[in-house]
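Here the structure is laid out as structure tokens; the discussion comes afterwards.
The values are calculated or read from the model by the stated rules, or taken from the named source; none is laboratory data. Only a predicted model underlies this, so the values are computations on that prediction, with no experimental measurement involved. Counting neighbours? That spans all protein chains shown, and the Cβs are built from the backbone with ideal geometry, glycine included.
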């Protein structure tokens, strides 16, 4: 059985807690789009490689920069806004423009020299082969 707690609308302590829990502790509207924008990724580990997929809508392949340093994968992209007529009076603008960046710690060391990347329909696919030192090795038993 659960306990019931009486709600007091004039309880300043719980009201302030609620304000901070709902995100008022960080004023997102004051941040630039570059700091706030991000994109979803998938990271999977296979026996011999790490596979990463990133959704980058509206970005062209030549606007993507990928780097691996100290076991951290960094993907940078920039979605540029076309020339917008100044006469337009927008009622809603939800498409984000500007720079995007995402850094992910990889679960194991990779051989970035032999990495492969492809870009199809706004989805970046990376295949990062594992470093030879961390790949599983089979030992055959002699009879």
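Annotations for the structure displayed:
- Inside the stretch 105-138, residues that are in a loop (DSSP other than H, G, I, E, B) and at pLDDT 80 or above make up a count of 9.
- Condition met for residue 47 (surrounded by fewer than 16 Cβ atoms within 10 Å (Cβ to Cβ) and either within 22 Å of residue 96 (Cβ to Cβ) or touching a helix residue (DSSP H, G or I) at 6+ places or on another chain (Cβ under 6 Å) (or both)): no
- Residues of the stretch 93-116 satisfying the condition of being under 21 Å from the mean Cα position of the chain (by Cα) and within 13 Å of residue 73 (Cα to Cα): 101, 102, 103, 104, 105, 106, 107, 108, 109, 110, 112, 115
- For the stretch 66-88, the count of residues that are closer than 17 Å to residue 45 by Cα and touching a helix residue (DSSP H, G or I) at 6+ places or on another chain (Cβ under 7 Å) is at least one.
- Of all the residues in the stretch 97-142, those that are touching a helix residue (DSSP H, G or I) at 6+ places or on another chain (Cβ under 6 Å) and either within 24 Å of residue 38 (Cβ to Cβ) or exposed (fewer than 15 other Cβ atoms within 10 Å of the Cβ) (or both) number 4.
- Strands (runs of 3 or more DSSP E) (entirely within the stretch 35-104) containing at least 1 residues that are modelled with pLDDT under 90: 72-79
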